[in-house]
Amino acid sequence: MKRVAIVGSGGAGKTAIADELGRRTGLPVLHLDHFHWRPGWVVPDEEEWAMTQSELVERPEWIIDGNYGAQFDLRFDRADTVIVLALPRRVCMYRALKRVVTNWHREVQAPGCREHFDYEFLRWLWRFPKHGRPQLDAALALHRDSIEVIEMKTRRDVRRYVDELAEAPDVP
C-alpha cells in the first residue's frame with residue numbers, strides 16, 4: 001500500500017481515517033479540500049483543478065482523501081488501494097452538522113475558508129447514496145482489476161481496519 005484514495009460521502013470520516021492511516025503508515029496525507037478551495041470558498045476552474053490533482057497523484061506515495069467525482073479516474077489510475085467509506089446517511093449528516101457547530105468560523109477545510117452552514121453541501125450529502133454513489137461505483141468498476149477496494153459501512157469497520165493495519169508486519 002503506497003497510494004491510497006479515500007472516498008465516500010461528506011461526513012463519513014475521510015479526513016480522520018486519512019490522518020490516522022498517515023500516522024500509522026508514514027505515508028504523506030493530502031486532503032483534496034485543502035488544494036481545491038480558494039479563500040472565500042472560491043472554486044478553481046475545472047482545467048486548473050484537474051492539473052492540480054494530476055500533479056498530486058504523480059508523487060510516488062500518498063494518501064488522498066476527498067471525492068471530487070469528476071476526477072475519480074485521475075486518482076484511481078494511480079492508486080493501489082481505494083477505501084470507500086459507506087457509512088449510514090444519518091451518521092454522515094450528524095457528523096457534518098457537528099463539524100459546522102464545532103468549527104464555526106474556523107478555517108478547517110482550507111485556508112481562507114471559514115466553516116459555515118452550507119445548505120448545498122448538506123443537500124449533496126443527503127443525496128449522495130442516490131446521486132454520488134453510482135458515479136463512484138462506475139469509476140471503481142473501471143479499475144477493479146488494478147486496485148484493492150476496501151469498503152467500510154460502519155464505524156466499527158473503520159476502527160477494526162485501522163487497528164488491524166497497525167498490527168500488520170508489512171505496513172510501509
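Read-outs throughout are calculated quantities, based only on the coordinates presented, and are distinct from any laboratory measurement. On a predicted model such as this, the values are computed, not experimentally measured, just so you know. In this analysis, Cβ positions are derived from the backbone assuming ideal geometry, glycine residues included, and neighbour counts consider all displayed protein chains.
Listed values, structure above:
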quantity: Inter-probe distance in nm under a simple model that places probes 7 Å from Cα toward Cβ, at F117 and E55; calculated: 3.7 nm
quantity: CD proxy at 222 nm, helix term only [per DSSP H run n ≥ 4: -39500 (n - 2.57); per residue of the chain; nearest 500]; calculated: -14500 deg cm²/dmol
quantity: For the chain, built as a Gaussian network whose Cα springs stay under 10 Å, the top-fluctuating residue of T52, T81, T102; calculated: T102
quantity: Alpha carbon centroid spacing (whole Å) that separates the range 1-29 from the range 70-94; calculated: 10 Å
quantity: Packing-based exposure ordering (other Cβ within 10 Å, fewest first) of H34, H105; calculated: H105, H34
quantity: Cβ crowding within 10 Å averaged over residues, with 88-98, 17-27 ranked highest first; calculated: 17-27, 88-98
quantity: Stokes-Einstein D in µm²/s, Kirkwood radius over Cα pairs - the range 46-172 at 4 °C with 1.567 mPa s viscosity; calculated: 78 µm²/s
quantity: GNM result for the chain, Cα springs below 10 Å: residue of R156, R78, R106 fluctuating most strongly; calculated: R156
